[in-house]
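This report concerns only the one structure given below.
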Amino acid sequence: MLGVIPARHGATRFPGKPLAILWGKTLLQHVWERARAARGLDELVIATDDERIAAAARGFGAAVEMTSADCASGTDRVAEVARRRPGAEIVLNLQGDEPELESGAVSKLIEAMRADDALEMGTIAHHEPDAAALASPDVVKVVLDAAGFALYFSRADLAGGSRGGPALRHAGVYAFRRELLLRFAAWPPGRLEQAERLEQLRALERGVRIRVVLGEQPFAGVDTPEQLAALERRGPRSRAQAAGRPG
């Protein structure tokens, strides 16, 4: 099981985001530490094309893979690392801007992928008690079928999400079978993907079933400096909460 944290310095809305400081550490270090706490990962690397990010990652003890500057997305960067490891049958894409990543939910996703060889792709979602947060277009929602697979992902307030409906808050963690990851990276962006600006819709448009594992604790990524400042003011959740236990 290979875990890859793609990180780039040139984010449009928040340049240098992986190295932004939150609670005394970079965003990237928070993600790496919480990913390391997940059960079942055989290897965890940070993939980047930027020497500043690479130096910072090595400074806190992470393994680093330098990847092409031509990668159009984090998934492309993850696929590049996977191509170098033909023995990695399952690959996790762990976003570098999720400082409150729930280690327990990642462990559950790994367990689900290992338990069922028919699963090609999986991800994480959770119930969001804050209706205002769920209504925001910056928050990605997912609706599930009766078997726990994703029906659709959207930024819109779909299926009454902010009114206590069936929509869950999606978290940017993906597990792929190696073969699917490499095919996914080769597919052109789909129509729905471009409309919603959600890469995972590329898989749904091509008939891939995405298993959704439910986490215990809401956690949010950082897209803007304002979101980072809000998290800094609120303070970190406990390690127990990060592991998916009441804290």
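The values are calculated or read from the model by the stated rules, or taken from the named source; none is laboratory data. Here the structure is a predicted model, which is why all the values come from computation and not from measurement. Note: ideal-geometry Cβ built from the backbone for every residue, glycine included; neighbour counts use all protein chains shown.
Points worth noting:
- One residue stands out in region 37-67 among those that are assigned to a strand (DSSP E or B) and touching a residue at least 40 places away in the same chain (Cβ under 8 Å): the one that is surrounded by the most Cβ atoms within 10 Å (Cβ to Cβ), namely 46.
- With respect to (1) surrounded by 14 or more Cβ atoms within 10 Å (Cβ to Cβ); (2) under 19 Å from residue 181 (Cβ atoms), the lone exception for residue 117 is condition (1).
- Selected residue (criterion: modelled with the highest pLDDT) from residues of region 107-165 that are out of contact with any strand residue (DSSP E or B) (no Cβ under 6 Å at 6 or more places or on another chain) and of a type in the set (Ser, Thr, Tyr): 107
- Exactly one residue among 70, 97, 76 is closer than 27 Å to residue 13 by Cβ, part of a helix (DSSP H, G or I), at pLDDT below 95 and out of contact with any strand residue (DSSP E or B) (no Cβ under 6 Å at 6 or more places or on another chain), and that residue is 76.
- Of all residues in region 121-135, at least one satisfies being in a loop (DSSP other than H, G, I, E, B) and buried (at least 20 other Cβ atoms within 10 Å of the Cβ).
- Cβ-Cβ under 9 Å pairs, at least 6 apart or on other chains, region 82-100 side in contact (Cβ under 8 Å) with a residue 60 or more places away in the chain, far side assigned to a loop (DSSP other than H, G, I, E, B) and among the polar types (S, T, N, Q): 100/217
- Residue 29 meets each of the listed conditions (1) modelled with pLDDT under 95; (2) out of contact with any helix residue (DSSP H, G or I) (no Cβ under 7 Å at 6 or more places or on another chain); (3) among the polar types (S, T, N, Q) apart from (1).
- Residue in region 214-226 that is closer than 21 Å to residue 136 by Cβ, of a type in the set (Asp, Glu) and in contact with a strand residue (DSSP E or B) (Cβ under 8 Å, 6 or more places away or on another chain) present: no
- For region 10-30, the criterion of being crowded, with 20+ Cβ neighbours inside 10 Å and either acidic (Asp, Glu) or under 15 Å from residue 124 (Cβ atoms) (or both) is met by no residue.
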